[in-house]
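The structure under discussion appears below in the form of C-alpha cells.
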Amino acid sequence: MQPFTPLAELARGLRDREFSSRELTRSFLDRIRDHSATLNCFITVDEDRALAQADAADQRLAEGSATALTGIPIAHKDVFCTAGQRTTCGSRMLANFQAPYDATAVARLDAAGAVTLGKTNMDEFAMGSSNENSHFGPVANPWDPARVPGGSSGGSAAAVAAGLTPLATGTDTGGSIRQPAAFCGVTGIKPTYGRVSRYGMVAFASSLDQGGVFAASAAEAAVALAVMSGFDPLDSTSADQVDPWLNGLGDSHLAAPAEAPVIGLPRQYFEGLQDGGAALEDARRTLEEAGCRFVDVDLPHTDAAIPAYYIIAGAEASTNLSRYDGVRFGHRCENPRSLEDLYRRSRTEGFGAEVKRRILTGTYALSVGYFDAYYLKAQKLRRLIQNDFLAAFGSVDLILAPTTPGTAFPQGDLTDDPVAMYQQDIFTTPASLAGLPAMSVPCGFADGLPLGLQLIGPHFGERAVLETAALYQQHTDWHTRHPEAYA
Ligand code: GLN
C-alpha cells in the first residue's frame with residue numbers, strides 16, 4: 001500500500017474491495033511503528049482498537065452503507081477526548097486520564113466510519129509553537145529531524161507529512177494548525193470559531209480554541225471538515241448555522257470557485273518576512289493566471305495581535321486550568337499534608353514550565369488592579385483587530401498572507417526565549433482573535449524546508465477559503481512533495 005495515496009483513491013479502493021480497511025489500517029500502523037523512534041508523533045497507539053474499528057468499517061462497506069470516510073484511518077490530537085483511551089493533552093497532569101466520553105468531533109468521525117489510529121503528540125495543553133513543551137518529548141520534523149515540526153499540533157502535522165496517516169485532527173487557538181502545517185508541508189484548516197464543537201476538546205483558551213484538520217490537500221481536508229463540523233448543543237459557543245455546501249461535500253469533489261475571488265494582500269504581513277517572499281510572489285502570479293484579482297489591504301493593528309493574544313489566552317488558560325487541583329482531575333501528589341499542600345504539589349508536579357508561565361501571567365492579568373491595564377485593554381485591541389478584518393472584507397473576498405515568518409527552526413533554538421517563541425505566531429494570531437476561518441497550504445521551499453501560504457476568509461467563509469486553496473493546488477504540486485526519508 002502506498003503511504004501517500006490520495007484519499008479519494010483510498011475510498012474507491014475500499015469500496016471496490018481492492019483492499020480492506022483492516023489491511024489499510026495495518027499498513028499505517030506498521031509505518032507508525034517503524035517511525036515512532038525517530039519522529040515521536042504519537043503518544044498513544046492502540047492497534048487492537050484500530051483494527052476492531054477497521055473490521056466494523058469493512059462490515060459497513062460490505063453492507064453498502066459506507067460514507068466517504070468509512071474505513072479511512074485518522075489520528076487525533078491528544079487534546080480530543082476519546083472514551084476508553086487515555087487523553088493526555090501532552091501533560092504529566094493528564095498522563096493517566098481516561099475521559100468517560102468522546103469529543104463531538106471524534107464521535108462524528110467515528111460515526112462516519114473513520115478508523116482512529118491513535119493520539120498524536122502536542123505541546124502541553126496546546127501551549128507552544130514547536131512541540132518542545134510536551135511531557136512526552138519533542139516531535140521531529142520529517143523534513144529535517146533536527147528541526148521542530150511547529151506546534152502545538154506538531155504530532156498531527158508530522159504524522160500527515162510522513163505518511164503515517166492520511167488525515168489528522170488538530171486544534172488552533174493562535175495558530176496551532178496553520179503553523180505546523182506550514183512547517184511540515186501539509187494542508188491544514190482552522191475553521192470559523194464555532195464551526196467545530198469544542199465539546200470534549202480539553203480547554204486552553206475557550207474564546208479562541210477551534211478544532212480543525214490536517215490533510216494532503218484542501219479537497220481532502222474538506223471531506224473531514226464536512227463531517228466534524230456542525231451545530232452541537234453540548235457546546236454553548238457552537239454556531240447554530242447550517243452550511244449546506246459544507247455538509248453536502250461528502251463524496252463530491254471540491255470544485256474551484258465559480259467566480260475567481262478578489263484577494264487582499266495585507267501590507268503588514270509582508271514586512272519582516274524572513275523566508276518565502278519569492279514563493280508568495282509566485283503564488284500570487286499563479287492565482288492571478290487562474291483569474292484571481294489582487295489588491296492591497298491594510299490591517300493596521302496587526303502588531304497588537306501578539307500582546308493581545310498572549311494576555312487573553314493566558315487569562316483564559318489560568319481559569320480553565322484551575323480545575324486541575326489534584327482532587328477532581330489528573331495528577332495527585334503523594335501523601336499530601338493538607339489541602340493547600342495537595343493543590344500546590346499536585347500542580348507543581350503536574351504542569352510543565354510553559355504552562356506555569358501562562359497560569360502566572362494569566363492570573364496576573366486578571367487580578368484586581370491590573371485587569372483594566374491588561375485584560376480589558378487586550379480585549380479592546382482584539383476588537384480593533386477584528387474591525388480591521390471586517391473593513392478589509394468590505395472590498396475583498398479573501399486575504400492571502402504568509403503563515404509564518406520563516407521555515408521550521410532548529411530544536412532548542414527558541415526554548416530559552418519565550419517572547420521570541422511567541423513572536424512566531426505573528427501571522428496566525430490575528431485571524432484567531434477575530435474568529436475567522438484560515439488555512440495554510442504548501443507553497444514552496446526555502447533551503448529544502450517547506451513554506452506555507454495562508455488564506456483567511458470572512459466568518460463562515462470556509463467555502464471561499466477551501467475552493468481557492470483547491471484552485472491553487474490544481475495549478476501547483478507543492479502539496480504532492482514528500483520528505484525523501486518517507487516517500
Ligand atoms: N503558539 C500559540 C500558543 O502557544 C498558539 C497555540 C495554539 O494555537 N494552541 O499559545
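The table that follows gives values for the structure above.
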{"quantity": "Ala168 being in contact with a Leu (Cβ under 7 Å, 6 or more places away or on another chain) and either of a type in the set (Gly, Ala, Ser) or closer than 21 Å to Tyr486 by Cβ (or both)", "calculated": "no"}
{"quantity": "Matching residues, the range 193-218, being open to solvent by 10 Å² or more (accessible area, probe 1.4 Å) and either within 13 Å of the ligand (Cβ to nearest atom) or modelled with pLDDT under 95 (or both)", "calculated": "Tyr193, Arg198, Met201, Val202, Ala203, Ser206, Ser207"}
{"quantity": "Test: Arg33 is open to solvent by 60 Å² or more (accessible area, probe 1.4 Å) and part of a helix (DSSP H, G or I)", "calculated": "yes"}
{"quantity": "Flag for Ala182 being at pLDDT below 95 and either under 14 Å from the mean Cα position of the chain (by Cα) or part of a loop (DSSP other than H, G, I, E, B) (or both)", "calculated": "no"}
{"quantity": "The one condition in (1) more than 16 Å from the ligand (Cβ to nearest atom); (2) open to solvent by less than 10 Å² (accessible area, probe 1.4 Å); (3) under 18 Å from Ser440 (Cα atoms) that Ala181 fails to fulfil", "calculated": "(1)"}
{"quantity": "Members of the range 155-167 that are in contact (Cβ under 8 Å) with a residue 60 or more places away in the chain and within 15 Å of the ligand (Cβ to nearest atom)", "calculated": "Gly155, Ser156"}
{"quantity": "Qualifying residues in the range 101-125 (those that are hydroxyl-bearing (Ser, Thr, Tyr) and within 17 Å of Arg86 (Cβ to Cβ)) - the one surrounded by the fewest Cβ atoms within 10 Å (Cβ to Cβ)", "calculated": "Tyr101"}
{"quantity": "Residue in the range 318-331 that is closer than 30 Å to Ile426 by Cβ, open to solvent by 40 Å² or more (accessible area, probe 1.4 Å) and assigned to a helix (DSSP H, G or I) present", "calculated": "yes"}
{"quantity": "Glu259 being open to solvent by 10 Å² or more (accessible area, probe 1.4 Å) and in contact with a helix residue (DSSP H, G or I) (Cβ under 8 Å, 6 or more places away or on another chain)", "calculated": "no"}
{"quantity": "Matching entry among Ala464, Ala469 (being surrounded by 21 or more Cβ atoms within 10 Å (Cβ to Cβ) and under 16 Å from Ile263 (Cα atoms))", "calculated": "Ala469"}
{"quantity": "Yes/no for Thr237 being of a type in the set (Val, Ile, Thr), assigned to a strand (DSSP E or B) and either touching a residue at least 40 places away in the same chain (Cβ under 8 Å) or surrounded by fewer than 24 Cβ atoms within 10 Å (Cβ to Cβ) (or both)", "calculated": "no"}
{"quantity": "Residue in the range 386-405 that is open to solvent by 60 Å² or more (accessible area, probe 1.4 Å), hydrophobic (A, V, I, L, M, F, W, C) and more than 15 Å from the ligand (Cβ to nearest atom) present", "calculated": "yes"}
{"quantity": "Members of the range 288-301 found to be touching a Lys or Arg at 6+ places or on another chain (Cβ under 9 Å) and crowded, with 20+ Cβ neighbours inside 10 Å, listed by number", "calculated": "Cys292, Val297, Leu299"}
{"quantity": "Thr25 more than 22 Å from the chain's Cα centre (by Cα), under 25 Å from Ala226 (Cβ atoms), open to solvent by less than 10 Å² (accessible area, probe 1.4 Å) and β-branched (Val, Ile, Thr)", "calculated": "yes"}
{"quantity": "Verdict on Tyr343 being in contact with an Asp or Glu (Cβ under 7 Å, 6 or more places away or on another chain), aromatic (Phe, Trp, Tyr) and outside any loop (DSSP other than H, G, I, E, B)", "calculated": "yes"}
{"quantity": "Unmet requirement for Ala226, which otherwise passes all of (1) away from the ligand (no atom under 13 Å from the Cβ); (2) touching a residue at least 40 places away in the same chain (Cβ under 8 Å)", "calculated": "(2)"}
{"quantity": "Pairs, first of a type in the set (A, V, I, L, M) in the range 279-304, second surrounded by fewer than 16 Cβ atoms within 10 Å (Cβ to Cβ), C-beta under 6 Å, six or more apart", "calculated": "Ala290/His475"}
{"quantity": "Condition check for Gln268: assigned to a loop (DSSP other than H, G, I, E, B) and open to solvent by 20 Å² or more (accessible area, probe 1.4 Å)", "calculated": "no"}
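One line per residue, one yes/no per condition, for (1) basic (Lys, Arg); (2) farther than 19 Å from Val202 by Cβ; (3) part of a loop (DSSP other than H, G, I, E, B); (4) within 16 Å of the ligand (Cβ to nearest atom):
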position	(1), (2), (3), (4)
Tyr101	no, no, yes, no
Ala107	no, no, no, no
Leu117	no, yes, no, no
Pro138	no, yes, yes, yes
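The values are calculated or read from the model by the stated rules, or taken from the named source; none is laboratory data. All of these numbers come straight from a predicted model, not from anything done at the bench. Glycine also receives a Cβ, built like all others from the backbone with ideal geometry; neighbour counts cover every protein chain displayed. Just the protein is used for accessible areas: all its heavy atoms, side chains included, with ligands, DNA and RNA removed. Shrake-Rupley method; radii C 1.70, N 1.55, O 1.52, S 1.80 Å.
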